[in-house]
Structures are given as structure tokens and as C-alpha cells.
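To start, the structure under review is shown below, and the notes come after it.
The values are calculated or read from the model by the stated rules, or taken from the named source; none is laboratory data. What you see is a predicted model; the values in this text were computed from it and never measured. Glycine gets a Cβ as well: all are built from the backbone with ideal geometry, and neighbour counts include every protein chain shown.
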Amino acid sequence: MKFPCWVLSGCVWALSLAPCIRGLAAIVPLYWDPDSTCARWNSYFTIIDAHPSTTFYTIINPNQGPGVNGSQPRSGYQACVQSLRPEANPNAIVLGYVDIRVGTVVADIDTYAGWGDYLSAQWNFLG
């Protein structure tokens, strides 16, 4: 018997949940520095690899945003963020954190856009 998908008072009833699930995703704020060997991120990479049907939206925040406007990522990010590219992990999507309260949103987005050599050309921003 197939149960319909329905919501009542903001709660999804357990019996209707299973047929509604189309895919699972996780949003992960990866706000710690990876260091130059990626050791601090290796356990995260292992989790991504172990769950190929789950999409991981990874939010990076090198320095309250991308750092100094117009700069390139630090060496740790240059080396490690490549493992979050679609070529390395097709179920990983990188989101660049931008602090919208400081009035430098456009400059921060331009800085992330300049990181094209290190990340996919398809950038996403969350702020």
C-alpha cells in the first residue's frame, strides 16, 4: 500500500514520509581551516565518499568570507577545496560564505569568483 505525502500542522507523518523522500542532502558549515595537508578535512571527505547518494552542500568560510578582497585562497584551501569539486566528488557542492552585514558583499563575491582555478565555475553563495 502506498501512502500519500501530506503535511499536517507543519509535521510530516511517519507513514507518509518514506514515499516522499526523493533524495537526501546535508548542509555542512566547514568553517575550520583545512591546513596544508587537508588532515583536518579528511574525515569529512571520507563521509562524502561513503554516502554517494547524498548531496553535501559545503559552506566554506576562510576568513569571515573569502578574505582580503581580490585575494586568492590560502595554500590549505588551494590544496584541499579541490576535493570538493564535482570532478572529485560529484555529490559535493561548495557554497562560499559572505557576511552581508559588513557592506562588502559584491567585493566578497568577486573575490570568490576569482578562485575559479580552485573551485568549480558553478559557485553558490549563502549569506
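Residue-wise test of (1) surrounded by 13 or more Cβ atoms within 10 Å (Cβ to Cβ); (2) among the small types (Gly, Ala, Ser); (3) part of a helix (DSSP H, G or I); (4) within 13 Å of the chain's Cα centre (by Cα).
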site	(1), (2), (3), (4)
35	yes, no, no, no
38	yes, no, no, no
44	yes, no, yes, yes
55	yes, no, no, yes
58	yes, no, no, yes
67	yes, yes, no, no
72	yes, no, no, no
77	yes, no, yes, no
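Every residue in region 39-75 that is within 15 Å of residue 29 (Cβ to Cβ), out of contact with any Pro (no Cβ under 6 Å at 6 or more places or on another chain) and of a type in the set (D, E, K, R), please.
none
May I ask you to list pairs of residues, at least six apart or on different chains, whose Cβ atoms are under 6 Å apart, with the first in region 90-104 being more than 16 Å from residue 30 (Cα to Cα) and the second being part of a loop (DSSP other than H, G, I, E, B) and at pLDDT below 85?
Final answer for the pair search is 100/127.
Where residues in region 93-111 are more than 16 Å from residue 70 (Cα to Cα) and among the aliphatic types (A, V, I, L, M), which of them is surrounded by the most Cβ atoms within 10 Å (Cβ to Cβ)?
Applying the filter and picking the extreme gives 94.
Are there any pairs, at least 6 apart or on different chains, whose C-beta atoms fall under 9 Å, with the first in region 105-117 and assigned to a helix (DSSP H, G or I) and the second surrounded by fewer than 14 Cβ atoms within 10 Å (Cβ to Cβ) and among the charged types (D, E, K, R), and if so, which?
That search, which allows pairs on different chains as well, returns 105/99; 108/99.
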